[in-house]
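Structure first, then comments.
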Amino acid sequence: MGNWDESLVNAKYHVAVARRMFDGFSDYEDKRFLVGAIKELAKAAANLVRAFLIRGRAGGRNHQKNLDLFMKRIGPKYLSSEVVENIYKSLEIERAQKESPIEFEKRGQIILLIGGEYRFLTRERLGEFLKSVEDGVSGFSESFRQV
């Protein structure tokens, strides 16, 4: 298995875990399910970006430059702009969730304190991010058939 294969398998695994945690929230409505889904979704998105960059023979060691390269050149070439944007936002949300000193769950929303302002992440929006990463993972093999 090549490096991009490994990254793609990891992305599939983490997106499956995120889906189970997200769906599990319906049964138990515990904040840990949504926070876990955010973390697993970010791992899936990071592995997916890495797989696209490796398969597209692009990128280097600088993570921010790699993300910019994916957002501007690689991602739009193979995925819809909405999917690319949601993949990026899923990475941003995980970073914000780590940095937030306060987090609450209230009626299916995660409330974070970011830069002195409260930000709300609804369950529906998190579901959209999850769907976009799932679409990116499932569309990966189709994207590179033409290459």
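Do any trypsin sites (Lys or Arg not before Pro) in segment 51-147 lie in a DSSP loop with no more than 14 other beta carbon atoms within 10 Å, and if so, which? Before the final figure, lay out the partial values.
Values: sites: R55, R57, R61, K65, K72, R73, K77, K89, R95, K98, K106, R107, R119, R123, R125, K131, R145; in loops: R57, R61, R107, R145.
Taking segment 51-147 and a limit of 14 other Cβ atoms within 10 Å, the loop trypsin sites (Lys or Arg not before Pro) found are R57, R61, R107, R145.
Of K12/K98; K77/K98; K77/K131; K12/K72; K77/K106; K65/K106, which ones are farther than 28 Å apart at the Cα? Before the final figure, lay out each step's value.
On the way: K12/K98 23 Å; K77/K98 31 Å; K77/K131 19 Å; K12/K72 23 Å; K77/K106 38 Å; K65/K106 36 Å.
Pairs exceeding the cut-off: K77/K98; K77/K106; K65/K106.
Using unit Cβ charges (K, R positive; D, E negative) and no other charged atoms, how large, in debye to the nearest 20, is the dipole of the chain about its Cα centre? Walk me through the numbers before you get to the answer.
Numbers: 25 positive and 21 negative charges, 106 e Å.
So the magnitude is around 500 debye.
Tally Lys and Arg at +1 and Asp and Glu at -1 over the other residues with C-beta under 12 Å from the C-beta of N3: what net charge comes out? Mind dumping the intermediate values first?
Working: positive: R50, R55, R57; negative: D5, E6.
Within the 12 Å Cβ shell, the charges total +1.
If one takes the longest principal axis of the Cα atoms in the chain, at what angle in degrees, from 0 to 90 and to the nearest 10, does the Cα axis of helix 81-99 lie?
50 degrees
Within segment 119-141, which residues have the backbone N less than 20 Å from the label spot 7 Å out from R95 along Cα→beta-carbon, could you tell me?
The answer is 119-122, 126, 129-130, 132-133.
Below 8 Å between Cα atoms, with a sequence gap of 6+, how large is the relative contact order for the chain in percent?
Averaging sequence separation for qualifying contacts and normalising by length gives 25 percent for the chain.
Can you give the Rg to Rh ratio of the chain, both from alpha-carbon atoms, with Rh computed by the Kirkwood formula?
Working: Rg = 15.4 Å, Rh = 15.6 Å.
With Rh from the inverse mean 1/r over Cα pairs, Rg/Rh is 0.99.
Could you give me the radius of gyration and the Dmax of segment 1-62, taking only the C-alpha atoms into account and expressing both in angstrom?
Both quantities, over Cα of segment 1-62: 13.8, 43 Å.
Counting Lys and Arg as +1 and Asp and Glu as -1, what is the net charge of the other residues whose Cβ lies under 12 Å from the Cβ of Y118? Don't jump to the answer; show the numbers that get you there.
Numbers: positive: K106, R119; negative: E103, E117.
Once positives and negatives cancel, what remains is 0.
So for the pair D30, I114, with labels modelled 7 Å out along Cα→Cβ, what separation do we get in nm?
In this crude label model, D30 to I114 measures out at 2.6 nm.
So for segment 45-115, taking the charge dipole from beta-carbon charges (+1 Lys/Arg, -1 Asp/Glu), which of I93, I111, A46 sits furthest toward the positive end?
Farthest along the dipole direction, towards plus: A46.
Which of S132, W4, M21 sits closest to the plus end of the dipole of the chain, meaning its Cα is farthest towards the positive end, when Lys and Arg get +1 and Asp and Glu get -1 on the C-beta?
Final value for the positive-end residue is W4.
Just so you know, all these numbers are worked out from the coordinates, no wet-lab data involved. Just so we're clear, the structure is a prediction, and the values are computed from it rather than from any experiment. When we count neighbours, we look across all protein chains shown, and the Cβ atoms used for this are built from the backbone with ideal geometry, even at glycine.
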